[in-house]
Amino acid sequence: MKMSRNFLISFALLFPAAVLLIAFTFYPTVATLIDSVYSTPRGRRPAAFVGTGNFERMVADPVFHRAFINNLIYAAVVIPVSMGLALAMALLVNARIKGRGFVRLAYFTPTILPMIAVANIWMFFYTPDYGLIDQFLRLFGWGGTNWLGQSSTALWALIVITIWKLAGFFMIFYLAALQQIPPTLLEAATLEGANYFQRLRRVILPLMMPTTLFILINAVIEAFRLVDHVIALTRGGPNNSTQLLLHYIYQVAFNFWDTAYAAALSVVMLVLLGLIALFQFGFLDKRIHYR
Amino acid sequence: MSVLTIRGLNKFWGDTHVVRDLDLETREGEFIALLGPSGCGKSTTLRLIAGLEDASSGEILLDGKQITNLPSAKRGISMVFQSYALFPHLTVADNITFGLSVRGESRKSQSEKLARVAPLLGLKDLLDRRPSQLSGGQQQRVALGRALIASAPVCLLDEPLSNLDASLRAEMRNEIRSLQRRLGITMIFVTHDQTEAMSMADRVALLRNGRIEQFDTPEVLYSRPASTFVAKFIGAPPMNILDVGAFKACGMTIDGKFKVGLRPEEIFLVERGLPGRVTHAEYFGADSVLSVDVEGVQCAVRLQGRPAIVPGATLHLGWNADALHLFDAETGLRQEAAVAQPDWVQLQPA
């Protein structure tokens, strides 16, 4: 009797979470996998099995190539720069400086803003001639640059926004980790003759490695997930120069209604993220000292 | 061999005066204990010497050279922290050679010095372990190794034994003491445990409210305490401090400006002496401590073995003439004055 009662209670407790997970995570994942090997159903023509057809199409798709390469550049810049900035900001606001509380708040503000709001703020910054950046540059005789409107600068303009948005968020984790380091460890290092950079490299950074891995995983996810500003500012243009994988998937699925191809693209992105996660846990995790 | 001199050292934390006009000079290769109750400023003093805190005023000299304003790494002083402060991500070997490595010593010289220090501390087989894989005593040795490897002339230890269990503590006590003798370095260690201070140190500085109450050898601290505070801090149980009135019962008259100190272990039982009633007895194996009510004042008496005395019994207490210590009743400072004492008090034990 008791066993079954226990079972009922645990089942009841797990049920809501399980329903949500299955309905919104597991079922869509499996459905996407299945859809990726079928054609898109249209009108009276139901979906037909096409095997690797969708993937073959991808190989020949120049927009996909563009999006893939853009996303790699985007990730390769956003991840290290936002993490580096986050670390620098955390070290700064952890030090005994005047107005520390204000600076902490200022650094964290971009995080609490919705990405659409962020995009609108930056739209003003980037406006040719009247925008903040151009007004400032005009003092030096430059200006008149359409940052979001030309292929050579548009992707970089979006990268800057993403870094601005993420660095403050990551800073909070670094700050928490910094405050976990016992001060006597740093005193001992100082007493042994370590200067600031030696303390940073030999004591602080190694002790923060678990946090760094956590932030790295988050940064990778964000680098592929965060496309709100693409939708709000450029819609992948001009000439696909700001086309990112997830935004392309969104366009294919909901603008072109080519759901099968979108499913195949999703599978590629899933595999890509899976491989990165494997590397992070399999390779980096073993090199990290956990307290 | 080095001499550390501290002159007029002061430290304020805001309005709190934690270290007051501290003067202290070590002799060559001496082992000094900073002893005192918690909050007396002993750890702050140590941190001031190490340069982890800035002095509000006063100076610190090492072999006559000003080090008051030098950064801690340049002072020629090493330190063992109470929590050991070992780097958890480094091996024992890397922990010990950390200082050498950040100061850019060659790997060869690092491993030579490590090979010299590790066997001294019995760490030879543990060099590849990490701190989390070590026992408390082993961690303590690693911290000592890190402090000793650079051969700094002065080594500071902050409550070095407080995190160890009792048996290990006794072992480490001997070990630290013999290491200090063998290496001939000056060691200053902070402790709140009088047994530790008395058994290890050449000289003990007893601190109270940021001031040195007495700075002398353990023998002098015990036999000639400079104040009632010292008298009550040293010894277990501590010295009895009695009002002069209590001595009327045995026909002694002592000037009322004094208080009288008498160590529990210097009291013996006599046929006719100071009468008192036993309130309770504690048995410790080798000896027993009786609480005796003398004219309304509790007086501890330490007797060998387990005397057949039950609470309620009346005893007569006696002592030798030189066992009495006189203190000023107001300032608590030691007074040198002879006390006339009837012969019968120091008669043979009953």
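The table below gives the values:
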{"item": "Positive-end residue, chain B charge dipole about Cα centroid, Cβ charges, pick of B:188, B:301, B:260", "result": "B:188"}
{"item": "Simple Cβ-charge dipole of chain B, Lys/Arg +1 and Asp/Glu -1, about Cα centre, in debye nearest 20", "result": "1160 debye"}
{"item": "Mean separation of Cα contacts under 8 Å, 6 or more apart, over the residue count of chain A: relative contact order %", "result": "27 percent"}
{"item": "1.4 Å probe accessible area per residue over the protein assembly as shown, in Å²", "result": "50 Å²"}
{"item": "Chain A - charge dipole about Cα centre, Lys and Arg +1 at Cβ, Asp and Glu -1, debye rounded to 20", "result": "660 debye"}
{"item": "Distance cut-off 19 Å, percentage of C-alpha pairs in region A:94-202 lying past it", "result": "62 percent"}
{"item": "Surface accessible to a 1.4 Å probe, residue B:232 within the full protein complex, Å²", "result": "120 Å²"}
{"item": "Stokes-Einstein translational diffusion, region B:83-143 - Kirkwood Rh over all Cα pairs, 1.567 mPa s, 4 °C, in µm²/s", "result": "112 µm²/s"}
{"item": "Probe 1.4 Å, all protein chains present, accessible-area order of B:135, B:43, largest first", "result": "B:135, B:43"}
{"item": "Approximate spin-label separation residue A:15-residue A:257, in nm, with each point projected 7 Å along Cα-to-Cβ", "result": "3.9 nm"}
{"item": "Other protein chain Cβ atoms within 10 Å, averaged over every residue that makes up A:190-200", "result": "6"}
{"item": "Distance histogram in 20 Å bins (all Cα pairs of chain B, percent per bin)", "result": "27, 46, 24, 4"}
{"item": "Simple spin-label estimate for residue A:44 and residue B:128 in nanometres, 7 Å along Cα-Cβ", "result": "7.7 nm"}
{"item": "Distance between modelled label sites at residue B:171 and residue A:239, nm, 7 Å Cα→Cβ extension", "result": "7.7 nm"}
{"item": "Heavy atoms of residue B:169: accessible area, 1.4 Å probe, square angstrom to 10", "result": "70 Å²"}
{"item": "Shielding by other protein chains, B:94-103, mean Cβ within 10 Å", "result": "4"}
{"item": "Sum of -39500 (n - 2.57) over DSSP H runs of 4+, divided by residues of the protein assembly as shown (222 nm, nearest 500)", "result": "-13500 deg cm²/dmol"}
{"item": "Residue A:58 - accessible surface, heavy atoms, 1.4 Å probe, Å² rounded to 10", "result": "10 Å²"}
{"item": "Semi-axis lengths, Å, region B:16-141, gyration tensor of Cα atoms, sqrt of 5 times eigenvalues", "result": "31, 18, 14"}
{"item": "Accessible heavy-atom area order of B:101, B:288, B:56, highest first, probe of 1.4 Å", "result": "B:56, B:101, B:288"}
{"item": "Given charges at beta-carbon only (K, R positive; D, E negative), |dipole| of the protein assembly as shown in Debye", "result": "2180 debye"}
{"item": "Candidate lysines - alpha carbon under 30 Å from residue B:124, same-chain residues fewer than 8 apart omitted", "result": "A:286, B:74, B:108, B:113"}
{"item": "Average beta carbon contacts from partner chains per residue of B:79-86, 10 Å cutoff", "result": "4"}
{"item": "Kirkwood hydrodynamic radius of the protein assembly as shown, Cα pairs, Å", "result": "31.8 Å"}
{"item": "Fraction of accessible area attributable to carbon and sulfur, chain A (%, probe 1.4 Å)", "result": "71 percent"}
{"item": "Heavy-atom accessible area ranking, 1.4 Å probe, most first, across B:266, A:56", "result": "A:56, B:266"}
{"item": "Distance-filtered residues of region B:61-96 - backbone nitrogen under 17 Å, label point 7 angstrom along residue A:289 Cα→Cβ", "result": "B:81, B:83-96"}
{"item": "Taking N as its residue count, the alpha carbon Rg of region A:62-289 over 2.2 N^0.38 Å", "result": "1.17"}
{"item": "Proximal charge balance of residue B:239 [Cβ under 13 Å; K/R count +1, D/E count -1]", "result": "+4"}
{"item": "Cα-based helix-to-principal-axis angle, B:107-120 vs chain B, degrees rounded to 10", "result": "30 degrees"}
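The values are calculated or read from the model by the stated rules, or taken from the named source; none is laboratory data. Because the structure is a prediction, the values reported are computed rather than measured. Note: ideal-geometry Cβ built from the backbone for every residue, glycine included; neighbour counts use all protein chains shown. Note: areas computed on protein heavy atoms with side chains; ligands, DNA, RNA excluded. Shrake-Rupley method; radii C 1.70, N 1.55, O 1.52, S 1.80 Å.
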